[in-house]
Amino acid sequence: MERIKQHAIWGHRGTFVLAATGSAVGLGNIWKFPYIAGENGGGAFVLMYLVFIALIGVPVMIAEVLLGRHGRANPIHAVGKMVRQSGASRFWSAIGWSGVLAAFLILSFYSVVAGWALDYVSTAARGGFGGWDGASAGAAFDALLADPWRLMFWQTLFIGLTVVVVAFGVTKGLETAVRLLMPLLFVLLLLLLAYAAVAGEFVRGLAFMFSFNPADLSWKAASVAMGHAFFTLSLAMGAIMAYGSYMPGKASIGKMVLTVAVLDTLVALVAGLAMFPIVFATPGITAGEGPGLMFVSLPVAFGNMPAGALFGVAFFVLVTLAAWSSTISLLEPCVAYVTERFGIKRLTANGLIAGSAWLLGLGSVLSFNAWADVSWLLGMNIFDFLDFFTQRVMLPLGGLLMALFVGWVARRDLLQHELKVEGGVLFGSWLWLLRIVCPVALLAILLAGVWAQFAS
Ligand code: TRP
């Protein structure tokens, strides 16, 4: 396999952590985690989630980073290299293909949803939440979704932002971006936490998220926690593998992965602690709102609180940054593959891929209005299908194959070489988690996800 150029390497030691955290921290942390924690019993759910992050998220993430760094190439070539060197069946190369394809498909609809956050930044900046109540907030959100041109405008802008970063390449583009964006993201998050503590019902928020009741330890909550532990770490979608391939050889994979998992979890917890106190401070809106929490309840809260306009802007800028650092990590593996496989320029590959994702994204734009009821595949519209297929099918399936491949098939000496160990308890535990525990969990996530779709 010919590669015209040397594969890039991050210029700073900490960049992998920042970049991977940027990929991992997204709508999943800020929007989804707080409301599923609220819906599934608070403290008990958080506890199960932490266990799943440690027992299945971290081992699979180590495996994925390891494949990337060993291959020193885009996900497809990186997996291919380990497959060849292990004398394994070509079947396992599916791991790389499915990762890059999933990244492309997610990019297409994630930029549409990320565009909503941009739209809310602009509304908030114009003082637009002032005096909103539940009904007008719901109507405003519906009006946004009903307008394909407005959705397309923000989607286009969002993909444009992503393209600009990826165009500058790994060190000048991605590295510079995450080194600026991630600190800004942390500062905004802490600012919002302080605001919630001062202006919100902080103790009630705390109690809502962490009150522990053993009766809440249900199977349903466990399966939601397990699925989210995987989703939130951006696993099995090429992103983490691509970032791992830029990691310097000396860096310790285990330590870096643990740091990313801890940071991602902290952001999710702090996001919850920043949001619920604000929601509780506003009469007439509820915390158990579910998916509407971010785009309906919160604007009402901001619209009725002191300095709400300012903090409303801060909040939606935060969401935009979180989504932006995620879409960068979705575009990058695709661009890396096309440049390395076909030897074309980064700029050309970037334009081609982002353009196609934009085009496919129009299908998602229309899924909220004109094509909402058109069933494309399995009775779903385009957005619902892509969301279902990538998160409920490709993610657990790709993760399952990855755990089995690295756990059972890949050459042991190569794994030990990447992890700089010669066996030992830690290595052994990791290997057995990958061999048994992770596959069982991922199979459960796959079956539960498909079941939930078709039983309802
Ligand atoms: N982890 C992201 C979040 O929490 C979502 C996500 C899943 C993602 N897989 C990804 C983002 C791959 C970037 C790349 O919102």
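Please verify whether the range 309-328 includes one or more residues that are over 23 Å from the mean Cα position of the chain (by Cα) and touching a residue at least 24 places away in the same chain (Cβ under 8 Å). Steps first, answer last, please.
Of all residues in the range 309-328, those over 23 Å from the mean Cα position of the chain (by Cα) come to 309-311.
Narrowing the set further to residues that are touching a residue at least 24 places away in the same chain (Cβ under 8 Å) leaves 309, 311.
Looking for residues that are over 23 Å from the mean Cα position of the chain (by Cα) and touching a residue at least 24 places away in the same chain (Cβ under 8 Å), one finds at least one in the range 309-328, hence yes.
Exactly one condition in (1) surrounded by fewer than 22 Cβ atoms within 10 Å (Cβ to Cβ); (2) within 26 Å of TYR243 (Cα to Cα); (3) not aromatic (Phe, Trp, Tyr) is false for THR390; which is it?
(1)
Please enumerate the residues belonging to the range 87-114 that are farther than 20 Å from PRO333 by Cα, away from the ligand (no atom under 15 Å from the Cβ) and assigned to a helix (DSSP H, G or I). Don't jump to the end; show me each part of the working.
Residues of the range 87-114 farther than 20 Å from PRO333 by Cα: 87-91, 113.
Add one more test, that the residue is away from the ligand (no atom under 15 Å from the Cβ), and what stays is 87-91.
Within the range 87-114, ARG90, PHE91 qualify.
Take the residues of the range 271-308 that are open to solvent by 30 Å² or more (accessible area, probe 1.4 Å) and not in a loop (DSSP other than H, G, I, E, B): which is farthest from the ligand (Cβ to nearest atom)?
Per the stated criteria, the residue is PHE280.
Quick check: anything in the range 186-200 surrounded by fewer than 19 Cβ atoms within 10 Å (Cβ to Cβ), farther than 30 Å from ASN304 by Cβ and either in contact (Cβ under 8 Å) with a residue 12 or more places away in the chain or more than 20 Å from the chain's Cα centre (by Cα) (or both)?
So far as the range 186-200 goes, no, none of its residues is surrounded by fewer than 19 Cβ atoms within 10 Å (Cβ to Cβ), farther than 30 Å from ASN304 by Cβ and either in contact (Cβ under 8 Å) with a residue 12 or more places away in the chain or more than 20 Å from the chain's Cα centre (by Cα) (or both).
A quick yes/no check of all residues on (1) open to solvent by less than 40 Å² (accessible area, probe 1.4 Å); (2) within 23 Å of the chain's Cα centre (by Cα); (3) closer than 30 Å to VAL440 by Cβ:
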residue: SER122; (1), (2), (3): yes, no, no
residue: GLY130; (1), (2), (3): no, no, no
residue: ALA135; (1), (2), (3): no, no, no
residue: ALA146; (1), (2), (3): no, no, no
residue: ARG150; (1), (2), (3): no, no, no
residue: GLY173; (1), (2), (3): yes, yes, no
residue: PHE202; (1), (2), (3): no, no, no
residue: ALA222; (1), (2), (3): yes, yes, yes
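Quickly run through the range 1-53 and pick out the residues that are within 15 Å of the ligand (Cβ to nearest atom) and either part of a loop (DSSP other than H, G, I, E, B) or touching a strand residue (DSSP E or B) at 6+ places or on another chain (Cβ under 7 Å) (or both).
If the condition is that a residue be within 15 Å of the ligand (Cβ to nearest atom) and either part of a loop (DSSP other than H, G, I, E, B) or touching a strand residue (DSSP E or B) at 6+ places or on another chain (Cβ under 7 Å) (or both), then VAL25, GLY26 are the ones that fit.
Would you confirm, using the coordinates I've provided, whether MET226 is within 16 Å of the ligand (Cβ to nearest atom), in a helix (DSSP H, G or I) and open to solvent by 10 Å² or more (accessible area, probe 1.4 Å)?
On the way: within 16 Å of the ligand (Cβ to nearest atom): yes; in a helix (DSSP H, G or I): yes; open to solvent by 10 Å² or more (accessible area, probe 1.4 Å): yes.
In short, yes.
The values are calculated or read from the model by the stated rules, or taken from the named source; none is laboratory data. On a predicted model such as this, the values are computed, not experimentally measured, just so you know. Neighbour counts are summed over all protein chains in view; Cβ atoms, including those assigned to glycine, are modelled from backbone coordinates with ideal geometry. For the accessible areas, the whole protein counts, side chains as well, though only heavy atoms, and no ligand, DNA or RNA atoms are used. Shrake-Rupley method; radii C 1.70, N 1.55, O 1.52, S 1.80 Å.
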